[in-house]
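Note sheet for the following structure.
The values are calculated or read from the model by the stated rules, or taken from the named source; none is laboratory data. What you are looking at is a predicted structure, and each value in this text was computed from that prediction instead of being measured. All Cβ positions, glycine included, derive from the backbone under ideal geometry; neighbour counts span all protein chains shown. Ligands, DNA and RNA are stripped out before the accessible areas are found, and what is left, the full protein with its side chains, is counted by its heavy atoms. Shrake-Rupley method; radii C 1.70, N 1.55, O 1.52, S 1.80 Å.
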Amino acid sequence: MDDQGKIIYIGKARDIRKRVQSYFTKHFDNRKTAVLVSRIADIHYMVVETEFDAFLLENSLIKKYQPRYNIKLRDDKSFPWICIRNERFPRIYGMRNPVQDGSEYFGPYANVKVMNTLLELVTKLYPIRNCTLALTEENIEKKKFRICLEYQIGNCMGPCEGLQSEEDYDANIRHIRNIIKGNIGEVIQHLKLQMKGFADTFAFEKAQVTKEKLQKLEAFQAKSTVVNPRIDHVDVFAIDTHENVAYVNYLRIVNGAIVQTHTVELNTGLNESREELLSFAITDIRLKVKSDAREVILPFEVETDGRFQLIVPERGDKKKLLDLAERNVKYYLMDRQRQRLTKPKKTTHAQRILETLQKDLRMKELPQHIECFDNSNFQGHEPVAAMVVFKDAKPSKKDYRHFNIRTVQGPDDFASMEEIIFRRYKRMQDENEHLPQLIIIDGGKGQLGAALKSIDKLGLRGKMAIIGIAKKLEEIYFPGDSIPLYLDKKSESLKLIQQLRNEAHRFGITHHRNKRIKSALTSELDQVPGIGQVTRTKLLKAFGSVKGVRQASSEDLARVVGQKRAGIIQHFFSQSNRQG
């Protein structure tokens, strides 16, 4: 442990005293080990009964604490497993993240296809329920459940209504368990006896069904790589290393056939030897796949937990198996290196959204710069418009703009949209600014048509994409197309468009509200004769509001606007008070 009490290394030894002393009496050429020793502040130890217990404890502690200087086993949660659920009338299904709930897990499998092939086989041979009903004895007796379509089409035998006994169901589970483990020979022998029994009692239909099961099993068994039927319940391991990474391949042999293969990746902690890396991987993999094989084939001798016989073959079928494992791990290493060399740059979340939007809107360019427009007015008064800008799918608030409508009288949203689009992109043309890749108009066909008039006047048609979004059903309108596009309500493209639309609406409403408030506050000052906009602004800045101006003394007013204007203002408010 270091001086902070953090675990930095975990190890095991027959003689812990010698092991610890070795770190402080040797000169280490390996810099990592030297750094480790320099950081050691304390040492804790645990005594266990056997070497096997030491292997298990070391493995579990390394996984729990992930010490910096230990071998790191690459997380393999992505590999699929077959689960036999811990429940009455167990279900069987594939999953990726095993949990400690008492269920049985078989794997990990090299890929989903292998696992699904096996699941398909066992469910065809033995109908198993796939519902989530709580099939307790009490619930079945009370007839809480009814058979479903799965029973009608022969995928389930109806245990929910007591149509299949628990004993019969469990017998099927035992056969399935043997098939998954690779003990297919036992199941085949059982089915042959069963078929003969049916034939002897003239139950020819049942005999035919059993025969079909046999044929499926034998066909599946034929696909396995058979080496020698006399080689049974054997584990094979091979290792290859590259720089600070090691790869270990595992083969499980049952009845002479390879029934499972798995490769793990290890990151070295202190430049461990191949023997140390392989020893660590053997313990971890055998625990994971629940292997009880008494014979393990390896390329060289390693320290073991004493639970199996270690064999380093030089010739024969066992050497062929070892060669196969070594080819597997070699190809795996080459494949990983190829993946690293050809791996595309990591796509960011924003990049993925923009690429999806480009595809959904059939755009030629990636919409990295998007501008969205919205109109706002209050009963036809104070018409304004707002524009928000998103760059790389994020708001660029410094580029937001408000527009006060200049040329339109009354509540004419179409004309207002035409004006602000013309003003915005005329200015961009004049200042040689980069145009956006996408323009979004908050509104349907009418608003979009108005915007297009300005785009055409400026000669910008086709130089940037433009769409309209109607709020009611979130229809997306394209220029010249009367039929709208409906994006998936959960799609990232639509969510981004909605975010732009909502942000433009919020920005426009805020500006419009501020204008109305300002208008209401300054309307009384507007009526003061001889007082212009500059003077009104000075007064509001100095006194904060119309009420502040009304209550100010003549001396205070004179300091801001001069004696003459101060007299005019006070006279106006005194007249106003008498009229009020």
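Per-residue counts of other Cβ atoms within 10 Å, averaged by peptide: what ranking do you get for 58-71, 41-54, 424-437, highest first?
Numbers: 58-71: 16.8, 41-54: 11.3, 424-437: 13.6.
Most protected by this proxy first, the peptides run 58-71, 424-437, 41-54.
With the simple spin-label model, which puts each label point 7 Å out from Cα in the Cβ direction, the LEU341 to ARG85 separation comes to 4.7 nm. Across the range 116-130, computed HN-Hα scalar couplings (Karplus, 6.51 cos²θ - 1.76 cosθ + 1.60, θ = phi - 60°) run 5, 4, 5, 4, 4, 5, 5, 6, 6, 6, 10, x, 10, 5, 10 Hz from first to last residue, x flagging Gly and Pro. Close amide H contacts of TYR9 (hydrogens built in the peptide plane, cut-off under 5 Å, sequence separation of 5 or more or a different chain): none are found.
Counting only Cβ charges, +1 for Lys and Arg and -1 for Asp and Glu, the dipole size of the range 53-187 around its Cα centre is about 680 debye. Solvent-accessible area of CYS148, all protein chains in place: 70 Å² (probe radius 1.4 Å, heavy atoms, ligands and nucleic acids excluded).
Return the label of the correct value of semi-axes √(5λ) of the Cα gyration tensor in Å, as calculated from the structure shown, out of (i) 75, 38, 25; (ii) 72, 27, 25; (iii) 36, 32, 22. Given (i) 75, 38, 25; (ii) 72, 27, 25; (iii) 36, 32, 22, the calculated one carries the label (i).
Here the range 441-457 and the range 521-576 have alpha carbon centers that stand 44 Å from each other. Straightening the chain between ILE16 and ARG146 buys 40.5 nm, computed as 0.36 nm per residue apart minus the Cα-Cα spacing.
Any of LYS113/LYS144; LYS12/LYS320; LYS124/LYS211; LYS6/LYS32 with alpha carbons more than 25 Å apart? Name them for me.
Pairs exceeding the cut-off: LYS113/LYS144; LYS12/LYS320.
In sequence order, the range 351-361 has phi-based couplings of 4, 5, 5, 5, 5, 5, 5, 4, 5, 5, 8 Hz under the Karplus curve 6.51 cos²θ - 1.76 cosθ + 1.60, θ = phi - 60°, and Gly or Pro positions carry x.
Is there a quick way to get the dipole size of the range 1-60? I mean about its Cα centre, with the Cβ of Lys and Arg at +1 and of Asp and Glu at -1; what is the value in debye to the nearest 20?
Values: 10 positive and 9 negative charges, 64 e Å.
The dipole of the range 1-60 has a size of about 300 debye.
Over 20 Å between Cα atoms, which of LYS18/LYS288; LYS364/LYS490; LYS63/LYS288; LYS364/LYS445; LYS364/LYS463; LYS445/LYS471 qualify? Going by Cα-Cα distance, LYS18/LYS288; LYS364/LYS490; LYS364/LYS445 fall outside the 20 Å limit. The angle between the Cα long axis of helix 166-181 and the longest principal axis of the Cα atoms of the chain comes to about 90 degrees, rounded to the nearest 10. Since only VAL254, LEU322, HIS349 are under comparison, the one whose Cα sits farthest along the positive direction of the charge dipole of the chain, derived from C-beta charges on Lys, Arg, Asp and Glu, is HIS349. Report, in deg cm²/dmol and to the nearest 500, the calculated mean residue ellipticity at 222 nm for the chain, where each DSSP H run with n ≥ 4 adds -39500 (n - 2.57) and the sum is divided by the residue count. Computed ellipticity for the chain at 222 nm equals -15000 deg cm²/dmol. The dipole here belongs to the chain: it is taken about the Cα centre, uses +1 on the Cβ of Lys and Arg and -1 on the Cβ of Asp and Glu, and is about 2360 debye.
Please give the peptides 304-312, 158-166 ranked by average Cβ packing (other Cβ atoms within 10 Å per residue), highest first, as a rough proxy for protection. Walk me through the numbers on the way to the answer.
On the way: 304-312: 14.9, 158-166: 16.4.
By packing density, highest mean first, the sequence is 158-166, 304-312.
Cα extents for the range 151-208 along the principal axes, largest to smallest and rounded to whole angstrom: 33, 31, 21.
Phi angles across the range 479-493 convert, under the Karplus curve 6.51 cos²θ - 1.76 cosθ + 1.60 with θ = phi - 60°, into 3J(HN,Hα) values of x, x, 10, 7, 9, x, 9, 10, 7, 4, 4, 9, 6, 5, 4 Hz, Gly and Pro given as x. Both radii were evaluated on the Cα set of the range 243-395; the Rg over Rh quotient, with Rh as the Kirkwood radius, amounts to 1.38. Cα centroid separation, the range 189-208 to the range 107-143: 25 Å. The angle between the Cα long axis of helix 413-430 and the longest principal axis of the Cα atoms of the chain comes to about 80 degrees, rounded to the nearest 10.
Placing unit charges on each Cβ (+1 for Lys and Arg, -1 for Asp and Glu) gives the chain a dipole about its Cα centre, and among ALA415, LEU125, VAL209 the Cα reaching farthest toward its positive end belongs to ALA415. Rounded to the nearest 10 degrees, the inclination of helix 563-579 to the longest alpha-carbon principal axis of the chain is 90 degrees. Think of the chain as a dipole: +1 on every Lys or Arg Cβ, -1 on every Asp or Glu Cβ, centred on the Cα centre; then among LEU438, HIS233, GLN358, LEU438 lies furthest on the positive end.
Of the beta bridges in the chain, as assigned by DSSP with both residues counted there, near 75 percent are antiparallel. For TYR151, the solvent-accessible surface with a 1.4 Å probe is about 80 Å², rounded to the nearest 10. The listed peptides 88-99, 497-508, ordered by packing as a protection proxy, come out as 497-508, 88-99 (highest mean of other Cβ atoms within 10 Å first).
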